[in-house]
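Data block below; observations after.
The values are calculated or read from the model by the stated rules, or taken from the named source; none is laboratory data. Nothing here was measured: the structure is a model prediction, and the numbers come from that model. Note: ideal-geometry Cβ built from the backbone for every residue, glycine included; neighbour counts use all protein chains shown. For the accessible areas, the whole protein counts, side chains as well, though only heavy atoms, and no ligand, DNA or RNA atoms are used. Shrake-Rupley method; radii C 1.70, N 1.55, O 1.52, S 1.80 Å.
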Amino acid sequence: MMDLVNTLQSRFMKEDLIAPRVEQAAPEDGLLPVSELDTPLSVSLPLWPNARPDDRYQLTWNNALIGEPIKLVPPLQPGDILYSHIPLATLAVEGTYQLGYQIIRSPDGIAHMSQTTSLIIDRSPPGGTLLAALILPSIALDGLGNNELVALDNQLTVTVPGYFDMQWGDVIQSYWGELAGPTHSVKADQPGSDKVQLSVDRSFLEQLGNGEFALSYSIRDRAGNTSVRSQAVILKLQLQQAPANLQAPLAPQLDNGQVHDAQARVGVKIAVPTYTHVAIGDEICVLWNGERAAARRVISAHELGKPLLLNVMARYLVISRHGDGPARVNYQVRRNGEVFTSADLELEVFLQLPGPRDPTPQTMVNEALAAPVIKGKNPHGRRLDNYLDEDNAQLSADAVIAWRKAFQAGDRINLFWGQASRPLVRPITPRDVEAACYLVINVPNSLITEQGCGVDIGVQYTVTREGNPNTSYSPRQSVAVIFQMQLPGGSGGLMEPVFTAASVLNVVDPRKDPEGTVVLVSPYRNMKLGDRIVLRFCGFDALTGGNEIEAASFSAERLVGEHELRNGCRLRVPLARLMAIEHGRGRARYEVISELGRVTSLPADVYISSRASVMAR
């Protein structure tokens, strides 16, 4: 009878406990990618027949239990897929393993072993620590020229020597210099032999150019392990013909070959046209009157086939160093130590500026010119340079230009105010040259009003000269223009603050609020986010007149936010400052500091007493 039971259990094992499955494993042999070995590996298995809710299953690794047992959870349906994980520590060691699982059925607790799945863990780079060099055909050992390549039917084939642990599916990547070449996947009959060959045609070799190139290879196996780079073999290529038909360079952004100051400051674009027998690795150098005008450039595969190989920017310092007059621009091609020179491009340079010479030509501004100085004309207004307050902003202003010896009669001073597109023009006369004194340009009030107020109105001038295409730009002056109507409070100014706790008799009793008293700044005209409100409070020892009490002085500030825009600003005077007055008078005022200026409010007085009721009189 026991023999019959054992036979039934054996039949159950073979027919019903199907081998587990690992999605990432290769179907041919169970090889696992190394990229999947850094995290626990998911395993799936089908639910066995007649499974009960209390049945348990646990993975096995070469018949040894791994992981934790997992108990089945209802509901259970035929065809359900169960999951588990191979622990990370189990995947650390190379080898071939049998993955299975054990089930323990309830209620008898008998263990049954499943069929197994073969898995392979390979963490070793192919080829070990050393890969031999590629093998060149004997005809190419001393160099490969046109005759040798023709003898090879215009195709060069190199042999990959057999390497340690060569396996089918290995991918061999070749390198020709630093250019990636053809690849090869090892076939089943190739391991252990020198049958692997890599071939390149003439077009591939020609794009490398002439010279010596280190040929090497690396290997990536089916698991994703990558080998070291092999030893190199040197291939001497001599296929290319010398560069020919080097046409003159082009200056596509210039009109009639004229180089003016504004163009030279940003650099003159020089285009190098393609030439016969252009090759990767050719070094291009653009020359301006024989001096290198820009950094050297090396031809890559990206430039091949274009009518214009590349563009370079001739630098201002090089252009200006050779001064005004004719300029000769060409380029040189350097290949394998030989230099080939193009035809010349003739340009005409004119960089002289009207006015003084620019000490820092790398900027657009001529720092030898003085920034304009703006002066208000109201004798009763604030006498600050470059500041026009309400009194001055209603009148015209003077722009004062400092004299420079390089100014000439006929030069034009063009003053630009704010964003105005049309300048105010002041010609320089012979009398100005004789006087050699500062120049004054009247700025009409209509222009000041049109450009509006602000604390950073830009004012700048240029100097131009008839017959000279160049323009000198002065430094920019920042001018503040303030209109009362645009300041905080508008034309009417700022109203006084309000003591919200004052009685009908305008008395504040400090005893009623241990936190002090609130002073309210109501929303005012032109109130804006970011305005800074500064409250200043002081106290006096009498209801009228009296001496200021130093211990009562207090100030606080607040930035205007969305809440203050809607509800005003509530600032609190602390109780200690109020108690310092005892019986007298408090005064509050506030100042608003905005981007356009600062304005102080009217004062607000309140009687303060911690004694009995105060009768105002």
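In a fully extended conformation the segment linking residue 582 and residue 153 would gain 143.1 nm over its present Cα-Cα distance, using 0.36 nm per residue.
Is the C-alpha gyration tensor of the chain telling us rounded, prolate or oblate? Criteria: a/c under 1.5 is rounded; beyond that, a/b larger than b/c is prolate, otherwise oblate.
Numbers: a/c = 5.09, a/b = 1.35, b/c = 3.79.
Because a/c hits 1.5 or more and a/b fails to exceed b/c, the chain counts as oblate.
Pairs of lysines in the chain whose Cα atoms sit within less than 24 Å of one another amount to 4, provided the residues are eight or more positions apart or on different chains.
Peptides 579-588, 228-237, 430-439 ranked from most to least packed give 579-588, 228-237, 430-439, packing being the mean of other C-beta atoms within 10 angstrom over each peptide's residues.
If R0 equals 25 Å, the separation of the Cβ atoms of residue 431 and residue 400 corresponds to a calculated FRET efficiency of about 0.90.
Surface composition of the chain: carbon and sulfur atoms hold 51% of the protein heavy-atom accessible area at a 1.4 Å probe. For region 478-536, a simple Cβ point-charge model (Lys and Arg +1, Asp and Glu -1, everything else neutral) yields a dipole of about 160 debye relative to the Cα centre. Would you mind counting up the charge near residue 386? Only other residues with Cβ under 13 Å from its Cβ, with Lys and Arg at +1 and Asp and Glu at -1. Combined, the nearby Lys, Arg, Asp and Glu give 0.
Before I look further, what does region 407-564 give for accessible area per residue, probe 1.4 Å, in whole square angstrom? Don't skip to the answer; put the middle values down first.
Values: 8270 Å² over 158 residues.
Accessible area per residue: 52 Å².
Projecting the Cα positions of 394, 97, 380 onto the charge dipole of the chain (unit charges on Cβ atoms of Lys, Arg, Asp and Glu, taken about the Cα centre) puts 380 furthest along the positive direction. Extension gain for the segment residue 96 to residue 212, taken as residue separation times 0.36 nm less the Cα-Cα distance, is 37.2 nm to one decimal.
Multiplying the residue separation of residue 557 and residue 313 by 0.36 nm and subtracting their alpha-carbon distance yields 82.4 nm. Computed from point charges on the beta carbon alone (+1 for Lys and Arg, -1 for Asp and Glu), the dipole magnitude for the chain about its Cα centre is near 2580 Debye. From the phi of every residue in region 27-36, what ³J(HN,Hα) in whole Hz does the Karplus formula 6.51 cos²θ - 1.76 cosθ + 1.60 yield, where θ is phi - 60° and glycine or proline is x? Coupling constants for region 27-36: x, 5, 9, x, 5, 9, x, 5, 5, 9 Hz.
Look at the dipole of region 169-265 built from charges on Cβ: of 256, 223, 196, the Cα furthest out on the positive end belongs to 223. A DSSP coil position with no more than 15 other Cβ atoms inside 10 Å describes the following GluC sites (Glu not before Pro) in region 301-380: 367. Taking the Cα centre of the chain as the origin and placing charges on Cβ (Lys, Arg +1; Asp, Glu -1), which of 542, 150, 440 is farthest toward the positive end of the dipole? Selected residue: 542. Working from label points 7 Å from Cα in the Cα-to-Cβ sense, the residue 304 to residue 124 distance is 4.1 nm.
All other residues with a Cβ under 12 Å from the Cβ of residue 495 taken together, and with Lys, Arg as +1 and Asp, Glu as -1, what is their net charge?
Working: positive: 525, 589; negative: 496.
Local net charge: +1.
Between residue 167 and residue 81, the distance separating the two model label sites (each 7 Å from Cα on the Cα→Cβ line) works out to 2.6 nm. Among DSSP beta bridges whose residues both lie in the chain, state the antiparallel percentage, nearest 5. Beta bridges within the chain, antiparallel portion: roughly 95 percent. Distance from the Cα centre of region 501-548 to that of region 183-203, in angstrom? Region 501-548 and region 183-203 have Cα centres separated by 93 Å.
Quick one: helix 2-16 against the long Cα principal axis of the chain, what's the angle to the nearest 10°, folded into 0 to 90? Tilt relative to the chain: about 50 degrees.
At 1.4 Å probe size, with every protein chain present, just tell me what the per residue accessible area of region 201-264 comes to in Å². Walk me through the numbers before you get to the answer.
On the way: 3100 Å² over 64 residues.
It amounts to 48 Å² per residue over region 201-264.
Under the shape rule built on the C-alpha gyration tensor, where the axes satisfy a ≥ b ≥ c, region 533-617 is prolate, since a/c reaches at least 1.5 and a/b is greater than b/c. Computed about the Cα centre, the dipole magnitude for region 292-372 is approximately 400 debye when only Lys and Arg (+1) and Asp and Glu (-1) carry charge, each at its Cβ.
For region 61-164, what does the accessible surface come to per residue with a 1.4 Å probe? Please give it in Å².
Numbers: 5600 Å² over 104 residues.
Value returned for region 61-164: 54 Å² of accessible area per residue.
Each Lys or Arg adds one and each Asp or Glu takes one away; over the other residues whose Cβ falls under 15 Å from the Cβ of residue 422, this sums to +1.
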